[in-house]
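Before any comments, here is the structure.
Coordinate-derived values only; no laboratory data. What you are looking at is a predicted structure, and each value in this text was computed from that prediction instead of being measured. Note that we place each Cβ from the backbone using ideal geometry, even for glycine, and neighbour counts take in every protein chain shown.
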Amino acid sequence: MLDERIRHIMTEAVLSVSVHEPVTEVLRLFARHPVHHLPVVDESGLVGMLSSADMLKLEHFVPKSGSQSSAALLNGRFRIDTMMRRPVITASLDDTIADAASRMSAHGIHALPVINEDNHLLGIVTTTDIMQAILHGIGLKSTPVQPGVKRKPTELQLRHAIESAEAAVLQDADTNGVAAAMLYLRERNALLEELRENVARYLRGGQEERLHMRLVKDVDRLGQQNELSMRL
């Protein structure tokens, strides 16, 4: 799942704002649409990013009555190009979910604009998109079953296999590495299940920000393990 491409989970009809628009247009877009991140563009492509959190500094200046004089005061004091964040941390269509999660975790951000080689905006991927993909993707892919091979061991067989693997590793008798691989995969599966449960709780609840970032870090950690697990 973590090697799935960003192109498959991103939002393509991405809302953006021109750098030449007044600040009140940004406020209008955030108020009218259920988004928290707004790419800023000009004729050359992507030039910056704004978030709803970036706009909090305007709350004492937001027109209470919607009067033209108040809006003019706000637009005269603030400009998009001085408020937006740059350089922009971005993703490309062929980046993986693990790539995106690692980038978000490293920079403490919740969204990545997706651009092409010409810096033109193609879409946006957020931590919520990643969590949704994980929640609905874990355990859904199946591998072909060879004739005569059981798809799933019984609980008793699995417990005995784990006990045998632990004993082989402790006794340094795991000459071919099968026991170590089994224990590694058990640990990875437990982490995936914990992540799935946390994602479900996050999406059902209030999407609390600390849980948000913890989930991104979990995905990042799983992504770092992914190369090894693909070889097993």
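One table, with the values for the structure above:
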item: Inverse mean reciprocal Cα-Cα distance (Kirkwood Rh) of segment 6-135, Å; result: 15.4
item: Protection proxy ranking of 167-175, 37-45 - average other beta-carbon atoms within 10 Å, highest first; result: 37-45, 167-175
item: Environment charge at M49 (Cβ cut-off 10 Å; Lys +1, Arg +1, Asp -1, Glu -1); result: +1
item: Using θ = phi - 60° and Karplus 6.51 cos²θ - 1.76 cosθ + 1.60, couplings along segment 76-86 (whole Hz; Gly, Pro as x); result: x, 8, 10, 10, 4, 5, 8, 9, 5, 8, 7
